[in-house]
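Written below as structure tokens is the structure these notes are about.
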Amino acid sequence: MEQPFSKDHTQLAKSLAVCLLLVHHLFFSEAAGYTELYVGGTAVVHECAAVAKVCVCLFVMLSGFGLSRSSRGLEPPAFYRRRLVRLYPAYWMTWLLCVPVAALWLGRTPASVYPESTGLYMLANLLGIQVYFGTYGYIATWWFMTAILTLYALFPVLIRIPLLPLLVISFLLDVVSPWFVHGLLRHWLFPFVAGMALDRYDVFRRLADVRHPRFVACLFAAAAAAFAWPRLHLENIGLELWTDTPLAASLLCLLFAVTRKKRFSRGNILLVPGRLSYEIFLSHTFVITYFCKDIVYACKQPAIIFIVGLGLSLAAAWLIQTATTACAGMARLFRGNASPLSPD
């Protein structure tokens, strides 16, 4: 049976998350070098960057949703093999292409990032588990690798737990935030389980059958505005909030309600950031913070900054994806498992 929330909807949702990611990282610091837009004394661009922090929750929720849909019947060994093969090659390719340039050009060597126990911390970072060693990693945004690896490791267990108790427990962990539970689980288990719930409760199929889609879209837009409100009053816009999970869910349902009958062509430009979302996550900090910051912020206008940042991030992501695919193809060729011209 055809899924109402199609692969195109997933890529579109990832494109939205990528755009929010860039807005957050380009404009969360008012000292970044852009011209702020004030309306009634409110710094509009900065406030948008605060709300855009929900991008992390969107990525986690989409991961829970996608795994619940595609991996429910897999045995743990097959599941872990598939996930690790998806995550590590592009991650290591980003290391190979970006870290030497940052070290030689900018002096950001591993020894400068990890002054003590350099080898141990670098190994942990290469494995994506550096947060458990007390560091974000070579670049700060790579903390997400530890988070997603943790959730993937837990998924074969989570899928066997009754969903409603799991939702309640993960919600309480996020709201109460007990000190004895690691922060990665306290903050990110709830959106991950909520993503699983979107699949297992067949939410999008139910939305596809509603009689008044415009009214439903308005309801989700109002819900998104309500759950975004708390972020507009935070001193620390990087703080995790439990309201981000219902905000992310509202955005996904709104996106589906608006586009549920739309058919996207293979080359639709709106889907391109979604197809490169993982590689953009891995490389965008190098692009907009280290290598091309002067180019990105040259004109000072937020709209142009975003377009240039997105374009450069897409180019870097495409390079990483192409190099990763080429290396994978060569590896298959040397193993004798595939022709170099194989579409797979």
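The values are calculated or read from the model by the stated rules, or taken from the named source; none is laboratory data. None of these values were measured; they are calculated from a predicted model. Quick reminder, even Gly has a Cβ in these numbers, built from the backbone with ideal geometry, and neighbours come from all protein chains shown. Each accessible area value is taken on the protein alone, full model and side chains, heavy atoms only, with ligands, DNA and RNA left out. Shrake-Rupley method; radii C 1.70, N 1.55, O 1.52, S 1.80 Å.
Please verify whether segment 148-168 includes one or more residues that are in contact (Cβ under 8 Å) with a residue 24 or more places away in the chain, under 26 Å from residue 315 (Cβ atoms) and in contact with a helix residue (DSSP H, G or I) (Cβ under 8 Å, 6 or more places away or on another chain). Yes, the conditions are met somewhere in segment 148-168.
Only one entry in 317, 331 is at pLDDT below 95 and either touching a Lys or Arg at 6+ places or on another chain (Cβ under 9 Å) or aliphatic (A, V, I, L, M) (or both), namely 331.
The residues of segment 79-91 that are touching a helix residue (DSSP H, G or I) at 6+ places or on another chain (Cβ under 7 Å) and open to solvent by 30 Å² or more (accessible area, probe 1.4 Å), listed by number, are 83, 89. Of the residues making up segment 37-69, those that are open to solvent by 20 Å² or more (accessible area, probe 1.4 Å) and polar (S, T, N, Q) are 42, 63. Taking the criterion of being within 17 Å of residue 98 (Cβ to Cβ) and of a type in the set (Phe, Trp, Tyr), the residues of segment 248-303 that qualify are 278, 281, 286, 290, 291.
Evaluate segment 232-248: report whether one residue or more is under 30 Å from residue 153 (Cβ atoms), touching a residue at least 24 places away in the same chain (Cβ under 8 Å) and of a type in the set (Gly, Ala, Ser). Yes, because at least one residue in segment 232-248 is under 30 Å from residue 153 (Cβ atoms), touching a residue at least 24 places away in the same chain (Cβ under 8 Å) and of a type in the set (Gly, Ala, Ser).
The residues of segment 299-326 that are among the small types (Gly, Ala, Ser) and either in contact (Cβ under 8 Å) with a residue 60 or more places away in the chain or buried (at least 20 other Cβ atoms within 10 Å of the Cβ) (or both), listed by number, are 309, 313, 316, 317, 323. Applying the condition of being small (Gly, Ala, Ser) and closer than 18 Å to residue 15 by Cβ to segment 50-66 and asking which residue is modelled with the highest pLDDT yields 63.
Whether a residue is open to solvent by less than 30 Å² (accessible area, probe 1.4 Å), over 21 Å from the mean Cα position of the chain (by Cα) and in contact (Cβ under 8 Å) with a residue 24 or more places away in the chain was assessed, and residue 76 does not pass this test.
Annotation note: Cβ proximity below 7 Å between a residue of segment 205-225 that is at pLDDT 90 or above and a residue that is open to solvent by 60 Å² or more (accessible area, probe 1.4 Å) (sequence gap 6+ or interchain) occurs for 217/258. Residues being in contact with a helix residue (DSSP H, G or I) (Cβ under 9 Å, 6 or more places away or on another chain), assigned to a helix (DSSP H, G or I) and over 28 Å from residue 208 (Cα atoms) are represented in segment 55-77 by at least one member. Number of residues in segment 251-281 that are over 24 Å from residue 94 (Cβ atoms), hydroxyl-bearing (Ser, Thr, Tyr) and either crowded, with 17+ Cβ neighbours inside 10 Å or touching a residue at least 40 places away in the same chain (Cβ under 8 Å) (or both) equals 1.
Please go through segment 22-73 and pick out each residue that is in contact with a Pro (Cβ under 6 Å, 6 or more places away or on another chain) and either closer than 22 Å to residue 147 by Cα or among the aromatic types (Phe, Trp, Tyr) (or both). 34, 57, 60, 61 - these are the residues of segment 22-73 that are in contact with a Pro (Cβ under 6 Å, 6 or more places away or on another chain) and either closer than 22 Å to residue 147 by Cα or among the aromatic types (Phe, Trp, Tyr) (or both).
With 31, 103 as the choices, which residue is in a helix (DSSP H, G or I) and either under 30 Å from residue 157 (Cα atoms) or out of contact with any strand residue (DSSP E or B) (no Cβ under 6 Å at 6 or more places or on another chain) (or both)? Of the residues listed, the single one that is in a helix (DSSP H, G or I) and either under 30 Å from residue 157 (Cα atoms) or out of contact with any strand residue (DSSP E or B) (no Cβ under 6 Å at 6 or more places or on another chain) (or both) is 103. When the test is whether a residue is free of Cβ contacts under 8 Å to residues at least 40 places away in the same chain, among the aromatic types (Phe, Trp, Tyr) and closer than 17 Å to residue 281 by Cβ, residue 142 does not pass it.
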